[in-house]
Amino acid sequence: MKIEGVWLPIITPFHNGSIDFPSYVKLIEFFISKGISGIIPLATTGESPTIEEFEYEELLEKTVEVSIEEFLFLWDMVEIIRKSA
């Protein structure tokens, strides 16, 4: 896999203390429409070490569900950082 183009660390929106999945999907769809090459979930606002494991997994599953046909995404580096925190 060759990584090239514009890769965006995407924010994780929250509402009432929980991940706002409808807004997250809208963000991904917006970035797809703008031609982003890939996204990096859980990589912008420090949420990765502060959310529960099930939330982490739900967010990655939603990312795959919405974007798998459109572009690539990275999360392994986030997991390395998360495990060392």
Which numbered condition PRO41 misses (of (1) under 10 Å from ILE10 (Cβ atoms); (2) loosely packed, with under 13 Cβ neighbours inside 10 Å): (2)
Scanning the stretch 7-25 for residues that are in a strand (DSSP E or B), crowded, with 16+ Cβ neighbours inside 10 Å and at pLDDT below 90 gives TRP7, LEU8
Does the stretch 68-77 include one or more residues that are surrounded by fewer than 13 Cβ atoms within 10 Å (Cβ to Cβ), in a helix (DSSP H, G or I) and at pLDDT below 75? yes
Just one of GLU65, GLU47, GLU4 is charged (D, E, K, R), in a helix (DSSP H, G or I) and modelled with pLDDT of 75 or more; which is it? GLU65
When you look at LEU59, is it touching a strand residue (DSSP E or B) at 6+ places or on another chain (Cβ under 9 Å), surrounded by 16 or more Cβ atoms within 10 Å (Cβ to Cβ) and modelled with pLDDT of 85 or more, yes or no? yes
Kindly indicate whether ILE32 is modelled with pLDDT of 80 or more and not charged (D, E, K, R). yes
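The values are calculated or read from the model by the stated rules, or taken from the named source; none is laboratory data. The structure displayed is predicted, hence computed values, not measured ones. Please note: Cβ atoms are built from the backbone with ideal geometry, for glycine as well, and neighbour counts cover all protein chains shown.
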